[in-house]
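Reading through the C-alpha cells given below for one structure.
Please treat every number below as a calculation from the coordinates, not as lab data. Keep in mind that this is a model prediction, so the values were computed, not measured. When we count neighbours, we look across all protein chains shown, and the Cβ atoms used for this are built from the backbone with ideal geometry, even at glycine.
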Amino acid sequence: MAKMMTAQEVFAVGLRNAHAMEKQALSIMQPQLNRLEHYPEISALLEQHIRETEGQIQRLDEILASIGESASGLKDAALSLGGSMAAVAHAMADDEILKNSFANHAFENFEIAAYTSLITAANVSGMASAVPMLQQNLDEERRMAAALHDSLDMVTRRYISLSASGERADI
C-alpha cells in the first residue's frame, strides 16, 4: 500500500530533493570548470551558474528552515557522489566537452521540471510565501538552460575545428 502524504509533506520532500539536486549540480560543474581550456565561454557560464547554484542552495535552506525542516545530509551526499562520478566518466571520453554540454543541458531541464513541480507543491500546500524564492531559482535554471542550448553550435564547431587541427579538443 502506498504511503499517504500530505501536501506539506510532499513539499518538504521536494525541497530536500531540490537541495540534493543543487549539491549534485555543484559536484558536476566544478570539475568541468577546473578542466576547461579551449572553451572560455563555457567556463564563464559555469562560473556564473556555480555562484547562482550556491544562492539557490541558500534559498532552499531558508525555505526548509521556515517550515521547520532541514536538508537531508544523506541525499546531499549521495547525489553529490553521483555527480562526481558522472564528471569522472565524462573526463575519460575523447569528446568530453560535447558529452558535458549534452549532460549539462539535460540536467538544467531536469532542474526546470523539478522547480516547476515544487512551485505547484508550494501553492497546493499553502506555502505560497516560498514561491518567489523558488521562482528565482527556476528563472536562473531557465537562463542557464537557454545559454547552454545556444552554446551547442559554437562548442561543436570549435571541437571539430580543434580536432581537425590535431589540437586537444575535448576540454
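Here are some notes:
- Förster radius 22 Å - calculated FRET efficiency between E47 and R142, Cβ distance, rounded to 0.05: 0.75
- Counting every other Cβ atom within 10 Å of each residue's Cβ, H49, H149 order from fewest to most as H149, H49.
- Across segment 35-47, rounded Karplus estimates of 3J(HN,Hα) from the backbone phi angles (6.51 cos²θ - 1.76 cosθ + 1.60, θ = phi - 60°) give 9, 5, 10, 9, 10, x, 5, 6, 4, 5, 4, 5, 4 Hz, Gly and Pro being marked x.
- Remark on segment 1-78: Rg and Dmax equal 15.7, 54 Å (Cα only).
- Available extension along the chain between Q135 and D150 is 3.2 nm, counting 0.36 nm per residue and deducting the alpha carbon span.
- Spin-label pair Q8/D94, simplified geometry with 7 Å Cα→Cβ offset, distance in nm: 5.8
- By average C-beta atoms within 10 angstrom, highest first, the peptides 63-71, 160-168: 63-71, 160-168
- Cβ-Cβ FRET estimate between Q30 and M1, R0 fixed at 35 Å, reported to 0.05: 0.25
- Principal-axis tilt of helix 73-91 within the chain, Cα atoms, nearest 10 degrees: 10
- Here the 3J(HN,Hα) profile of segment 126-138, calculated from phi with Karplus coefficients 6.51, -1.76 and 1.60 at θ = phi - 60°, is x, 10, 4, 5, 7, 4, x, 5, 5, 5, 4, 4, 4 Hz, Gly and Pro shown as x.
- Debye-formula intensities of segment 96-151, expressed as log10 I(q)/I(0) at q = 0.12, 0.16, 0.29 Å⁻¹, are -0.32, -0.51, -1.05 (one equal scatterer per alpha-carbon, no solvent).
- Note on the chain: Kirkwood radius taken over Cα pairs, Stokes-Einstein applied at 10 °C and 1.306 mPa s, translational D equal to 94 µm² s⁻¹.
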